[in-house]
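Asks: Let me begin by handing over the structure; questions about it come next.
The values are calculated or read from the model by the stated rules, or taken from the named source; none is laboratory data. If you're wondering where the values come from, they're calculated on a predicted model, not measured in any experiment. Note: ideal-geometry Cβ built from the backbone for every residue, glycine included; neighbour counts use all protein chains shown. For accessibility, only protein heavy atoms count, side chains too; no ligands or nucleic acids. Shrake-Rupley method; radii C 1.70, N 1.55, O 1.52, S 1.80 Å.
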Amino acid sequence: MPLVPGLSVEQNAAIPEVYLTAFQVLWLQGGFQKGHNVLIHAGASGVGLAAVQLAKAAGAVEIITTCSSGKVHLCKEAGATLCIARDTKVDDTVFAAEVKEYLKDSPNKGVNVVIDPVFGNGYLEEDVQALSVDGTIVVIGFMGGPQYEKINFRSFFPKRARLVFSALRSQSEEYKANLISKFMEFAHPKFADGTIKPNIHKVMSWNDIAEAHRIVESNESAGKVVLQVD
């Protein structure tokens, strides 16, 4: 990928792979269009914040995120219109009831695209509750576990829902080259003029790689941890 003029090397380093993943999931797999509503789980993660920024820049109407209560402000700053703190819920759902209530007067009557890195712990079942007709759920990870002992897919049929499992690294070189080309055409000018800004949690020396891994694994980071070779 070409460097974006005006950005530091560290800022440029924070663009792939999170922005490419978010772009792929929204457009190539999620069928995102201007005017859509989007639900993004782990909204303060690298991919989550990138997806919020890209969706906002492309004309999403409602951008809903789920995250821990301590990171709600980060999602709002990135452009989310509703931020649901997943660790403060007391009812039977984590997010579906709140999303449906928030979008009850929306023409779409739900979210058109769900980006889900959680999957387990009931998230998939709630995803389809929040989904609009002809909506798409794109699974990009299994933070909540990869298995369900029992799940009823009957609720997917009235929504005509699409369920997509996404992976980027295993794609062909031709696919990746096309993805980069489409992404740069859309995002390069927006990085250059500051409409979209790379999300960096911390820049560290590569000699501190163990601490960098600790930060990422502890879930205290928001955005990328970038290592400098010094």
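Asks: Of everything in the stretch 134-177 that's among the hydroxyl-bearing types (Ser, Thr, Tyr) and in contact with a helix residue (DSSP H, G or I) (Cβ under 6 Å, 6 or more places away or on another chain), which residue is least open to solvent (accessible area, probe 1.4 Å)?
Replies: Ser166
Asks: Separate question: Would you confirm whether any residue within the stretch 37-54 is more than 23 Å from Gly141 (Cα to Cα) and in contact (Cβ under 8 Å) with a residue 40 or more places away in the chain?
Replies: There is no residue in the stretch 37-54 that is more than 23 Å from Gly141 (Cα to Cα) and in contact (Cβ under 8 Å) with a residue 40 or more places away in the chain.
Asks: Here is a further query. Could you say whether any residue in the stretch 78-101 is touching a Phe, Trp or Tyr at 6+ places or on another chain (Cβ under 8 Å), acidic (Asp, Glu), farther than 22 Å from Ser181 by Cα and open to solvent by 20 Å² or more (accessible area, probe 1.4 Å)?
Replies: Scanning the stretch 78-101, I find no residue that is touching a Phe, Trp or Tyr at 6+ places or on another chain (Cβ under 8 Å), acidic (Asp, Glu), farther than 22 Å from Ser181 by Cα and open to solvent by 20 Å² or more (accessible area, probe 1.4 Å), so the answer is no.
Asks: Would you be able to say whether some residue in the stretch 116-129 is over 24 Å from Phe183 (Cβ atoms), of a type in the set (D, E, K, R) and either touching a helix residue (DSSP H, G or I) at 6+ places or on another chain (Cβ under 6 Å) or open to solvent by less than 20 Å² (accessible area, probe 1.4 Å) (or both)?
Replies: yes
Asks: Taking the stretch 176-230 as the region of interest, how many residues are of a type in the set (Val, Ile, Thr), out of contact with any His (no Cβ under 6 Å at 6 or more places or on another chain) and free of Cβ contacts under 8 Å to residues at least 60 places away in the same chain?
Replies: Count: 4.
Asks: Hey, another quick one. State all residues of the stretch 217-230 that are within 19 Å of Cys75 (Cβ to Cβ) and either basic (Lys, Arg) or assigned to a helix (DSSP H, G or I) (or both); if no residue qualifies, say none.
Replies: If the condition is that a residue be within 19 Å of Cys75 (Cβ to Cβ) and either basic (Lys, Arg) or assigned to a helix (DSSP H, G or I) (or both), then Lys224 is the only one that fits.
Asks: Taking the stretch 39-65 only, how many residues are modelled with pLDDT under 95 and closer than 17 Å to Glu101 by Cα?
Replies: 0
Asks: Filter the stretch 180-216 down to the residues that are within 22 Å of Leu54 (Cβ to Cβ), touching a helix residue (DSSP H, G or I) at 6+ places or on another chain (Cβ under 6 Å) and either open to solvent by 50 Å² or more (accessible area, probe 1.4 Å) or assigned to a helix (DSSP H, G or I) (or both) and list them by number.
Replies: The answer is Phe183, Lys190, Thr195.
Asks: Oh, and also: How many residues does the stretch 55-85 hold that are touching a residue at least 40 places away in the same chain (Cβ under 8 Å), more than 21 Å from Ser132 (Cα to Cα) and not aliphatic (A, V, I, L, M)?
Replies: Residues flagged as touching a residue at least 40 places away in the same chain (Cβ under 8 Å), more than 21 Å from Ser132 (Cα to Cα) and not aliphatic (A, V, I, L, M) within the stretch 55-85 amount to 2.
Asks: Of the numbered conditions (1) open to solvent by 10 Å² or more (accessible area, probe 1.4 Å); (2) touching a Leu at 6+ places or on another chain (Cβ under 6 Å), Ile64 satisfies every one except a single condition; which is it?
Replies: Single failed check for Ile64: (1).
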